[in-house]
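Written below as structure tokens is the structure these notes are about.
The values are calculated or read from the model by the stated rules, or taken from the named source; none is laboratory data. All values derive from a computational prediction rather than experimental measurement. Glycine also receives a Cβ, built like all others from the backbone with ideal geometry; neighbour counts cover every protein chain displayed.
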Amino acid sequence: MPSSRPIPIGVSGRHLHISREDLDLIFGKDYQLTEDKPLTQPGQYAAKERVTLVGPRGVIENVRILGPVRSRTQVEISFTDARKLGLNPPIRDSGDLDNTPGITIVGPAGSVTILEGVIIAKRHIHMTPEDAEEYKVVDGEIVRVVCGDERKLIFDEVLIRVSENYRLDFHIDFDEANSAGVKTGDLCYLLKKNGEVKVPEKREVVRRLVTEADVREAEEKGLKIILVKGTIITPLALELGLSKGVIIDRR
């Protein structure tokens, strides 16, 4: 049975990865994306640039681009978004774009219509080889994940993706997150097929930025704050958290 160590949840909104060629068409030749904030996975970032998606029956504005540029443009939306746009995209792993719907992407300098590239991302867990060994799973394996509190759900058909370049994270979209009442930073637990992992009674939370106020709030609510790789914590928060027994450091 795999370890019951919790996995942080990352909720992904609609976004697109863009090719160099398409970026030139909608923002101008040799345009460079502007990094807004880093993402959980190393080397990935949310850009400041946003575009408009135009489908057969609807439009969605202010859709964020994720960088860096890729070899092929890929648009990731939810089922709710797909209905608004009038599309019927398949559930696919990232990069599996053959025989998917196209869409028109509008930017400040022009527009481009891609013939393929719109998907609903298959829910998945990023992890390192060390994580995979701990959880006793392999790259490409399909597992189940339990998450949520009052609206607890078990997600089936969760793809395991293993790489030295990954950081532990369970990726779902907003439709999936809302169904379970969870948000980015909440925790989930991995289940092998037909297996079970006991969820600890005392809840734990993962934070990317921890302040003294966060520590005091956690103490009041009887929570533990987990520090993972990349977490930023203020010196006062660390000192207080350790003294109160609130901090679990897994960096």
One residue from Arg92, Arg64 being among the basic types (Lys, Arg) and either touching a Phe, Trp or Tyr at 6+ places or on another chain (Cβ under 9 Å) or under 17 Å from Ala47 (Cα atoms) (or both): Arg64
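Each row is one residue, and each column tells you yes or no for (1) touching a Pro at 6+ places or on another chain (Cβ under 7 Å); (2) within 20 Å of Ser78 (Cα to Cα).
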residue: Glu141; (1), (2): no, no
residue: Glu157; (1), (2): no, yes
residue: Arg161; (1), (2): no, no
residue: Glu164; (1), (2): yes, no
residue: Ala180; (1), (2): no, yes
Qualifying residue in the stretch 48-55 (condition: surrounded by fewer than 16 Cβ atoms within 10 Å (Cβ to Cβ) and over 18 Å from Ala109 (Cβ atoms)): no
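Quick grid of which residues meet (1) more than 28 Å from Ala180 (Cα to Cα); (2) surrounded by fewer than 18 Cβ atoms within 10 Å (Cβ to Cβ); (3) of a type in the set (Val, Ile, Thr):
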{"site": "Gly10", "(1), (2), (3)": "no, no, no"}
{"site": "Ile18", "(1), (2), (3)": "yes, no, yes"}
{"site": "Gly58", "(1), (2), (3)": "no, yes, no"}
{"site": "Asn62", "(1), (2), (3)": "no, yes, no"}
{"site": "Ser71", "(1), (2), (3)": "yes, yes, no"}
{"site": "Ile77", "(1), (2), (3)": "no, no, yes"}
{"site": "Gly95", "(1), (2), (3)": "no, yes, no"}
Members of the stretch 72-82 found to be touching a strand residue (DSSP E or B) at 6+ places or on another chain (Cβ under 6 Å) and either among the small types (Gly, Ala, Ser) or within 10 Å of Val118 (Cα to Cα) (or both), listed by number: Thr73, Gln74, Val75, Glu76, Ser78
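Residue by residue, here is whether (1) within 30 Å of Tyr135 (Cβ to Cβ); (2) outside the structural domain of Gly110 (by TED's automatic domain parsing); (3) in contact (Cβ under 8 Å) with a residue 60 or more places away in the chain holds:
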residue	(1), (2), (3)
Ile7	yes, yes, yes
Asp22	no, no, yes
Lys29	no, no, no
Gln32	no, no, no
Asp36	no, no, no
Gln44	yes, no, no
Val59	no, no, no
Val69	no, no, no
Thr80	no, no, yes
Inter-residue pairs, beta-carbon under 8 Å, first over 15 Å from Gly95 (Cα atoms) and in the stretch 109-124, second part of a strand (DSSP E or B), 6+ apart: Ser111/Val54; Ser111/Thr104; Ser111/Ile105; Val112/Thr104; Val112/Ile105; Thr113/Ile103; Thr113/Thr104; Thr113/Ile105
Filtered residues of the stretch 65-101 (kept if in a strand (DSSP E or B) and touching a Leu at 6+ places or on another chain (Cβ under 8 Å)): Ile65, Leu66, Gly67, Pro68, Val69, Gln74, Val75, Glu76
Wholly enclosed strands (runs of 3 or more DSSP E) of the stretch 102-172 bearing at least 1 residues among the charged types (D, E, K, R): 142-147, 153-162
Test: residue in the stretch 22-45 that is within 28 Å of Val158 (Cβ to Cβ), of a type in the set (Phe, Trp, Tyr) and part of a strand (DSSP E or B): yes
Set Gly102, Gly110, Gly86, Gly95: member being in the same structural domain as Lys48 (by TED's automatic domain parsing) and under 18 Å from the mean Cα position of the chain (by Cα): Gly95
Residues located in the stretch 145-160, provided they are over 18 Å from Gly181 (Cβ atoms) and touching a residue at least 40 places away in the same chain (Cβ under 8 Å): Leu159
